[in-house]
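As structure tokens, the structure follows; a few thoughts come after it.
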Amino acid sequence: MIVYGTGYSPYVRKILVALAEKGASYEHVPCMFHALDTAFQAASPLGKIPAIDDDGFKLADSSAILWYLERKHPEPALMPADAKALGRAIWFDKFGDTELFSPLIVAFRERVMKPTMMGKPCDEALVVKSLDTDLPPLFDHLEGEIAGEYLAGDAFSIADISIAAGFYNFHLAEAKVDAARWPKLAAYVDRILARPSFVTAMAARKG
Ligand SMILES: N[C@@H](CCC(=O)N[C@@H](CS)C(=O)NCC(=O)O)C(=O)O
């Protein structure tokens, strides 16, 4: 299976973490979104990353790919069997990909991507707004939802993958969760990012 997309992308990281958790082999093509690679374009109709090509089966969108991988490599399960835990897992996957992603990526985009990859200046005012205004209510929500080791049920799942994925970029941008204000979230993020699957995926960030 070929996985397209730079490992700097939190959405690509979701796939790399799931593959590492499941011990599945793959080839990584760390292209940028909208890359002019025809094989990538065939796999990603909107030009977004990630996309996969599994022996001719092409699929884009991180959540769709995670469900595909779950059926193809059922063990260890990343989708909870319990109804309530599954509902929570799907919610946190969606929340991580949408509401949380947008403000969480601002620090990385402004402080890292724009100056080092796009030749543009950082707009620190946007970073301050994300840190001081946009992220706190989302961090409050997560702080209230973390009751045990994992977000959905009693095992690591797609919920943890999606929520933690963007915090790696957040840390690369010298931003962190204030442990005095959100102690459970700060500890949770550190714990999930320390998993071997995340360490493997984060090592694949180059490209
Ligand atoms: N819903 C998609 C979102 C993927 C996505 O937006 N990836 C970003 C890179 S982090 C991208 O390709 N952006 C280019 C664009 O939006 O045109 C998924 O979960 O895979």
*Which ones in segment 106-127 are without any contact (Cβ under 8 Å) to a residue 12 or more places away in the chain and in contact with a Cys (Cβ under 7 Å, 6 or more places away or on another chain)?*
Lys114, Pro115
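Could you check segment 74-119 and list, in sequence order, the residues that are in contact with a Ser or Thr (Cβ under 7 Å, 6 or more places away or on another chain) and part of a loop (DSSP other than H, G, I, E, B)?
Filtering segment 74-119 down to residues in contact with a Ser or Thr (Cβ under 7 Å, 6 or more places away or on another chain) leaves 78-80, 89, 92-93, 96-97, 103, 106-107.
Passing the criteria: Leu78, Met79, Pro80.
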*Selection from segment 30-73 of residues that are more than 13 Å from the ligand (Cβ to nearest atom), assigned to a helix (DSSP H, G or I) and of a type outside the set (A, V, I, L, M)*: Thr38, Glu70, Arg71, Lys72
*Quick check: is even one residue across segment 11-22 modelled with pLDDT of 95 or more, surrounded by fewer than 20 Cβ atoms within 10 Å (Cβ to Cβ) and out of contact with any strand residue (DSSP E or B) (no Cβ under 7 Å at 6 or more places or on another chain)?*
yes
*From the residues in segment 82-107 that are over 15 Å from Tyr150 (Cβ atoms) and either small (Gly, Ala, Ser) or within 10 Å of the ligand (Cβ to nearest atom) (or both), which one is surrounded by the fewest Cβ atoms within 10 Å (Cβ to Cβ)?*
Ala83
*Restricting attention to segment 119-147, report how many residues are of a type in the set (Ser, Thr, Tyr) and surrounded by 12 or more Cβ atoms within 10 Å (Cβ to Cβ).*
1
*Among (1) near the ligand (Cβ under 8 Å from one of its atoms); (2) in a loop (DSSP other than H, G, I, E, B), where does Ala24 come up short?*
(1)
_Among the residues in segment 146-155, are any of a type outside the set (D, E, K, R) and part of a helix (DSSP H, G or I)?_
no
*Matching residues, segment 100-118, being more than 15 Å from the chain's Cα centre (by Cα) and either on the phi > 0 side of the Ramachandran plot or hydroxyl-bearing (Ser, Thr, Tyr) (or both)*: Thr116
*Just wondering, is there one or more residues in segment 4-25 that are of a type in the set (Val, Ile, Thr) and touching a Cys at 6+ places or on another chain (Cβ under 8 Å)?*
yes
_Would you confirm, using the coordinates I've provided, whether Asp61 is surrounded by 15 or more Cβ atoms within 10 Å (Cβ to Cβ), under 13 Å from the mean Cα position of the chain (by Cα) and assigned by TED's automatic domain parsing to the domain that holds Ala165?_
no
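The values are calculated or read from the model by the stated rules, or taken from the named source; none is laboratory data. Keep in mind it's a predicted model, so treat the numbers as computed, not measured. Quick reminder, even Gly has a Cβ in these numbers, built from the backbone with ideal geometry, and neighbours come from all protein chains shown.
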